[in-house]
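Novice: Please find one structure pasted underneath; my questions will follow.
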Amino acid sequence: MVFRLRLYLLSLGLCLTGMLPASATNVVFVITDDQGYGDLACTGNPIIKTPNINHLASQSSGLSDYHVAPTCSPTRCSLLTGHWTNRTGVWHTIMGRSMLRENEVTIGQMFSDAGYQTGMFGKWHLGDNYPYRPEDRGFTEVYRHGGGGIGQTPDLWDNAYFDGSYFHNGKVVPAKGFCTDVFFAQANEFITRCAKEEKPFFAYISPNAPHKPLHCPQKYIDMYEGQSESIAAFYGMITNIDDNVGKTRKLIADLGIADDTIFIFTTDNGTASGAKIYNAGMKAGKGSPYDGGHRVPFFLHWPAGGITKQHDVKTLTHAVDIVPTLLEMTGVKKPEGVKFDGLSIAALLDPTKDVDWPERFVISDSQRVRDPIKWRSSAVMSQKYRLVNRKQLYAIDVDPGQKNDIAKEHPEVVETMREFYDKWWADIEPSFSQTTEIYLGHKDHPVVSLTAHDWIQKIYPPWHQGSIREADRKSPDADKLTHKGYWAVKVVRDGKYQVSLRRWPVESGVAINASLPPGENVPGATVPFRATPGNAIGATHAVLRIDNEDLDRKPVPSGAEEVSFETELKQGSYQLAPIFEIPEGELGAYYVIVTGLD
């Protein structure tokens, strides 16, 4: 009754005034990176130490059949928009296919438009340039690393998991300490400020842990003595997250806002490292179309909504359901013209309700290619069945490990699920041709930094700084190395532009043809990307290449950090692919700065 009455009053207040009621509900949304369903003690893991998340689960409605995408960017776009991954332009984690289309409306924008303070802390991984950054998508306070993880190509140079530098509202700031601790601390400052100013808030806390490389403070590694180095570090990263969850929950209680705060904990895909220890009986892990790739934990606690005790929701749910659910719970209005692919599951989360939920199908797939391929690494799911890769059928209720393919015994189920997928594909396929383009010449982003992470090409680009340092010059196709990738850019204003080609990023201060020693190590089971020696490339000339045409060519001066060209560009779409000429052939400029000169 409390849950229904609160929703009614919130909705009534919004409808009558067009503004937030005084008792608006806050949201804290914690999502971790590469932590699976089985990587928690409360889901059965016999080794891992997660007392704070266990306590949260004991006070929450939990989704035990909740599904996301098998990798990180695709999950995040669905969680933030309520739309199928492939519809949003995000079906990969690199290659320009991790940028959330500019026509999508995020939950950050929805809550900001409703009068909330909106904060984003940690991993964004949906675009590092305008109009794809979190500050372009409704978040008023942003503290993040670049790309999909610390040390990846768009991140600040030589960052590792300790004592890094981050982007704070567009400015580079140094920080002390372990990255997860830093991101939670920044979120806690935001929460405290909002609470003291009596402003409602939406805090999206998204640590890049426990994603590889596997690093964390030594005291957490020491908690898992006797385990392998990788498991000790992976579990240590999760226990560190658990400590931070506990600190943030205590802060919310101390601020006196716990009753009016929805607190969510979830993860972005199946486990990347923990399946060898415990996987809750599921098959496979991150990246897989089997349940181990995309079934993850989800806990929601909300005292004012009557959600304070453990309530297990066994109904099939999906990431696309979360935005409509939070809008219903908080009374925030859905934008006109936005149609969600998901459903509100607020009634399922209400422990006082016995819901007769309709049969539905949901889909998880892992494309990880330049252009989507029908049925690639896919799972069509119902409450009872899983159709994997179009051919394999599993009765998940009696075969959670997906060991027995029953497609031949149930051809009618296979056919029904295929028909659903065909309609789903036909609905989203027209959007695939809408390439996400990085804007050049926009007044809100006059200087644009491009990195090789977003090259569009058939093979993986150098997406982390270890690859940048290594500068692999092996050609898969020919004796002579050629550059096949490009940045999809959109010039929004006619004018003169400076295009500066770099082998190393600006903040490194290193010359194009210089080599670099390996950087320092940090505690953990793996070495950071910066520990790779930086090889010299021997560049002789720089070439400005646009739309497969070489417009200009200049020698690379000794000691130069960049070679710059000026060119006139008209409004429109371009393929920008500047290169360095090297003895082996061509090497794409890993970093390019484009500046409007008018």
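The values are calculated or read from the model by the stated rules, or taken from the named source; none is laboratory data. Just so you know, these numbers come straight off a predicted model, no measurement behind them. We place every Cβ from the backbone using ideal geometry, glycine too, and count neighbours over all the protein chains shown.
Novice: Could you tell me which numbered condition residue 193 fails, if it satisfies all but one of (1) touching a Phe, Trp or Tyr at 6+ places or on another chain (Cβ under 8 Å); (2) more than 25 Å from residue 507 (Cβ to Cβ)?
Specialist: So residue 193 meets the others, but not (1).
Novice: Quick check on residue 204: is it out of contact with any Ser or Thr (no Cβ under 9 Å at 6 or more places or on another chain), part of a strand (DSSP E or B) and of a type outside the set (A, V, I, L, M, F, W, C)? First the steps, then the outcome.
Specialist: Numbers: out of contact with any Ser or Thr (no Cβ under 9 Å at 6 or more places or on another chain): no; part of a strand (DSSP E or B): yes; of a type outside the set (A, V, I, L, M, F, W, C): yes.
When the stated conditions are applied, residue 204 does not pass them.
Novice: Within segment 262-298, how many residues turn out to be closer than 30 Å to residue 198 by Cβ and surrounded by fewer than 24 Cβ atoms within 10 Å (Cβ to Cβ)?
Specialist: Within segment 262-298, the subset closer than 30 Å to residue 198 by Cβ is 262-266, 298.
From what is left, the residues that are surrounded by fewer than 24 Cβ atoms within 10 Å (Cβ to Cβ) are 262, 264, 266.
So the count comes out to 3.
Novice: Something else: Search segment 514-533 for residues that are surrounded by 15 or more Cβ atoms within 10 Å (Cβ to Cβ) and pair each with any residue that is assigned to a strand (DSSP E or B) when their beta-carbon atoms are under 6 Å apart and the residues are at least 6 apart or on different chains.
Specialist: 516/534; 522/162; 522/215; 524/215; 529/464
Novice: Also, quick follow-up: Test residue 472 against the stated conditions and say whether it is more than 18 Å from residue 592 (Cβ to Cβ) and in contact with a Lys or Arg (Cβ under 9 Å, 6 or more places away or on another chain). If you could, list the steps in order and put the result at the bottom.
Specialist: Details: more than 18 Å from residue 592 (Cβ to Cβ): yes; in contact with a Lys or Arg (Cβ under 9 Å, 6 or more places away or on another chain): no.
When the stated conditions are applied, residue 472 does not pass them.
Novice: Sort out which residues of segment 42-87 are charged (D, E, K, R) and either in a strand (DSSP E or B) or under 30 Å from residue 371 (Cβ atoms) (or both), and write them in order of number.
Specialist: 76, 87
Novice: May I pose another question? Does segment 277-299 contain any residue that is assigned to a strand (DSSP E or B), under 30 Å from residue 329 (Cα atoms) and of a type outside the set (D, E, K, R)? Walk me through it before giving the result.
Specialist: The first filter runs over segment 277-299 and keeps only residues assigned to a strand (DSSP E or B), leaving 295, 298-299.
Going one step further and asking which of them are under 30 Å from residue 329 (Cα atoms), we end up with 295, 298-299.
Add one more test, that the residue is of a type outside the set (D, E, K, R), and what stays is 298-299.
Yes; the residues of segment 277-299 include at least one that is assigned to a strand (DSSP E or B), under 30 Å from residue 329 (Cα atoms) and of a type outside the set (D, E, K, R).
Novice: If you take the residues of segment 443-488 that are among the acidic types (Asp, Glu) and closer than 15 Å to residue 590 by Cβ, which of them is modelled with the lowest pLDDT?
Specialist: Within segment 443-488, the first condition is being among the acidic types (Asp, Glu), and the residues that meet it are 444, 454, 470, 472, 477, 479.
From the residues that got through so far, the ones that are closer than 15 Å to residue 590 by Cβ too are 454, 470, 472.
On the way: 454: 98, 470: 98, 472: 86.
So, considering only residues that are among the acidic types (Asp, Glu) and closer than 15 Å to residue 590 by Cβ, the one modelled with the lowest pLDDT is 472.
Novice: Please work out which one of (1) assigned to a strand (DSSP E or B); (2) exposed (fewer than 13 other Cβ atoms within 10 Å of the Cβ) is the condition residue 545 fails and give its number.
Specialist: (2)
Novice: Go through segment 517-542 and give me each residue that's closer than 30 Å to residue 221 by Cα and not in a loop (DSSP other than H, G, I, E, B). Steps first, please.
Specialist: As a first pass, look at segment 517-542 and keep what is closer than 30 Å to residue 221 by Cα: 517-534.
Within segment 517-542, 524, 529, 530, 531, 534 qualify.
Novice: Can you name every residue in segment 485-514 that is over 25 Å from residue 149 (Cβ atoms) and either touching a Lys or Arg at 6+ places or on another chain (Cβ under 7 Å) or assigned to a loop (DSSP other than H, G, I, E, B) (or both)?
Specialist: Start the filter on segment 485-514 by keeping residues that are over 25 Å from residue 149 (Cβ atoms), which leaves 490-501, 511-514.
Of everything in segment 485-514, those that are over 25 Å from residue 149 (Cβ atoms) and either touching a Lys or Arg at 6+ places or on another chain (Cβ under 7 Å) or assigned to a loop (DSSP other than H, G, I, E, B) (or both) turn out to be 491, 492, 493, 494, 511, 512, 513, 514.
Novice: Test residue 367 against the stated conditions and say whether it is without any contact (Cβ under 8 Å) to a residue 24 or more places away in the chain, of a type outside the set (Val, Ile, Thr), closer than 27 Å to residue 91 by Cα and buried (at least 17 other Cβ atoms within 10 Å of the Cβ). Break it down into steps so the answer makes sense when it comes.
Specialist: Working: without any contact (Cβ under 8 Å) to a residue 24 or more places away in the chain: no; of a type outside the set (Val, Ile, Thr): yes; closer than 27 Å to residue 91 by Cα: yes; buried (at least 17 other Cβ atoms within 10 Å of the Cβ): yes.
In short, no.
Novice: Collect the residues in segment 553-566 that are surrounded by 14 or more Cβ atoms within 10 Å (Cβ to Cβ) and not small (Gly, Ala, Ser), keeping them in residue-number order. Spell out the reasoning first.
Specialist: Step one: filter segment 553-566 for residues surrounded by 14 or more Cβ atoms within 10 Å (Cβ to Cβ), giving 553-554, 556, 560-565.
Hits for segment 553-566 are 553, 554, 556, 561, 562, 563, 565.
Novice: Separate question: Just to be sure before I move on: is residue 554 touching a residue at least 12 places away in the same chain (Cβ under 8 Å) and over 21 Å from residue 482 (Cα atoms) in the structure I sent? Talk me through it step by step, then tell me what you get.
Specialist: Details: touching a residue at least 12 places away in the same chain (Cβ under 8 Å): yes; over 21 Å from residue 482 (Cα atoms): no.
In short, no.
Novice: State which residue is farthest from the chain's Cα centre (by Cα) when the search covers only segment 323-339 and only residues that are buried (at least 17 other Cβ atoms within 10 Å of the Cβ) and not hydrophobic (A, V, I, L, M, F, W, C).
Specialist: Residues of segment 323-339 buried (at least 17 other Cβ atoms within 10 Å of the Cβ): 323-332.
From what's left, not hydrophobic (A, V, I, L, M, F, W, C): 324-325, 328, 330-331.
Numbers: 324: 19, 325: 20, 328: 24, 330: 24, 331: 26 Å.
The residue in question is 331.
Novice: Would you confirm, using the coordinates I've provided, whether residue 229 is closer than 30 Å to residue 24 by Cβ and modelled with pLDDT of 95 or more?
Specialist: Details: closer than 30 Å to residue 24 by Cβ: no; modelled with pLDDT of 95 or more: yes.
No.
Novice: Is at least one residue of segment 532-543 farther than 16 Å from residue 467 by Cα and under 30 Å from the mean Cα position of the chain (by Cα)? Give the steps one after another, and end with the answer.
Specialist: Quick first cut of segment 532-543, residues farther than 16 Å from residue 467 by Cα only: 538-543.
Next, only the ones that are under 30 Å from the mean Cα position of the chain (by Cα) stay: none.
The answer is no; no qualifying residue exists.
Novice: Could you list all residues from segment 567-598 that are surrounded by 14 or more Cβ atoms within 10 Å (Cβ to Cβ) and assigned to a loop (DSSP other than H, G, I, E, B)?
Specialist: Listed by number, the residues that qualify are 577, 578, 584, 589, 590.
Novice: Those residues that are assigned to a loop (DSSP other than H, G, I, E, B) and either surrounded by 19 or more Cβ atoms within 10 Å (Cβ to Cβ) or of a type in the set (S, T, N, Q) (or both), I need them from segment 340-360; list them, please.
Specialist: Taking segment 340-360 first, the residues assigned to a loop (DSSP other than H, G, I, E, B) are 340-345, 350-360.
Within segment 340-360, 341, 342, 343, 344, 345, 350, 352 qualify.
Novice: Just to be sure I understand, how many residues within segment 354-377 are among the basic types (Lys, Arg) and on the phi > 0 side of the Ramachandran plot? Let's see the steps before the verdict.
Specialist: Initial filter on segment 354-377 (among the basic types (Lys, Arg)): 360, 368, 370, 374, 376.
Those still in the list that are on the phi > 0 side of the Ramachandran plot too: 368.
Of the residues in that region, 1 qualify.
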